[in-house]
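Input: a single structure, listed below in structure tokens.
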Amino acid sequence: MKVGDRAELRRSYTAADLADFAALAGAAPAAHVPEPLIAALFSHLLGVDLPGAGTNYLKQELHFTGRAAPQTELTATVEITRLRPEKHLVDLWARCTDAGGQVICEGRALVKTRDVTPAARG
């Protein structure tokens, strides 16, 4: 891992996905993609791609600036902004945009992971 490493995920949510989420949450179905479903994209990236398996989410700060309608393709991206190998900590910037490039949300994440060894510079 090194500062600047990125991972990206593209996904859209259907009206059925939103109805399923509402049923699980005990809420009325939303006309837009609920914020927890968007935040879940970052959780997936952090636990599967970067840093990957063994990652523990310690902190997340997201600022939502827009809404996404069902069927809108969303692109979630995380990028390493700081490594603290002595504490096994990784700071990342998280951003989600719609197909037109409009920022839906962005913010920071702090995770603890097993191996934070910086990549060798050549």
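The values are calculated or read from the model by the stated rules, or taken from the named source; none is laboratory data. Bear in mind that the values here come from a model prediction, so they are computed numbers and not experimental data. So basically every Cβ, Gly included, is an ideal-geometry build from the backbone, and we count neighbours across all protein chains shown. Surface areas here come from the heavy atoms of the whole protein model, side chains and all, with no ligands, DNA or RNA. Shrake-Rupley method; radii C 1.70, N 1.55, O 1.52, S 1.80 Å.
When segment 100-122 is examined, which residues are found to be among the basic types (Lys, Arg) and at pLDDT 90 or above?
Restricting attention to segment 100-122, the residues satisfying the condition of being among the basic types (Lys, Arg) are 108, 112, 114, 121.
Of everything in segment 100-122, those that are among the basic types (Lys, Arg) and at pLDDT 90 or above turn out to be Arg108, Lys112.
Name every residue in segment 1-38 that is without any contact (Cβ under 8 Å) to a residue 40 or more places away in the chain and of a type in the set (Gly, Ala, Ser), in order of residue number. Even if it seems obvious, please write down each step before you answer.
Looking only at segment 1-38, we keep the residues that are without any contact (Cβ under 8 Å) to a residue 40 or more places away in the chain, and these are 16, 19-32, 34, 36-37.
Ala16, Ala19, Ala22, Ala23, Ala25, Gly26, Ala27, Ala28, Ala30, Ala31, listed by residue number.
Of everything in segment 100-114, what is under 19 Å from Gly54 (Cβ atoms) and surrounded by fewer than 18 Cβ atoms within 10 Å (Cβ to Cβ)? Give them in sequence order.
Of the residues in segment 100-114, the ones under 19 Å from Gly54 (Cβ atoms) are 109-114.
Residues satisfying the conditions are Leu110, Lys112, Arg114.
Out of segment 75-88, which residues are closer than 17 Å to Ala7 by Cα and free of Cβ contacts under 8 Å to residues at least 24 places away in the same chain?
Initially, segment 75-88 is screened for residues closer than 17 Å to Ala7 by Cα, giving 75-83.
Answer for segment 75-88, where residues must be closer than 17 Å to Ala7 by Cα and free of Cβ contacts under 8 Å to residues at least 24 places away in the same chain: there is none.
When each of Asp49, Asp91 is tested for being in contact with a Ser or Thr (Cβ under 7 Å, 6 or more places away or on another chain), of a type in the set (Asp, Glu) and touching a residue at least 12 places away in the same chain (Cβ under 8 Å), the lone residue that passes is Asp91. Restricting attention to segment 1-15, the residues that are open to solvent by 60 Å² or more (accessible area, probe 1.4 Å) and hydrophobic (A, V, I, L, M, F, W, C) add up to 2. Applying the condition of being open to solvent by 80 Å² or more (accessible area, probe 1.4 Å) and more than 13 Å from the chain's Cα centre (by Cα) to segment 24-35 and asking which residue is modelled with the lowest pLDDT yields Pro29. From the list Thr14, Thr55, the lone residue that is of a type in the set (Ser, Thr, Tyr) and out of contact with any Leu (no Cβ under 7 Å at 6 or more places or on another chain) is Thr14. Where strands (runs of 3 or more DSSP E) fall entirely within segment 36-99, those with at least 2 residues that are polar (S, T, N, Q) and either at pLDDT 90 or above or open to solvent by less than 20 Å² (accessible area, probe 1.4 Å) (or both) are at 74-84.
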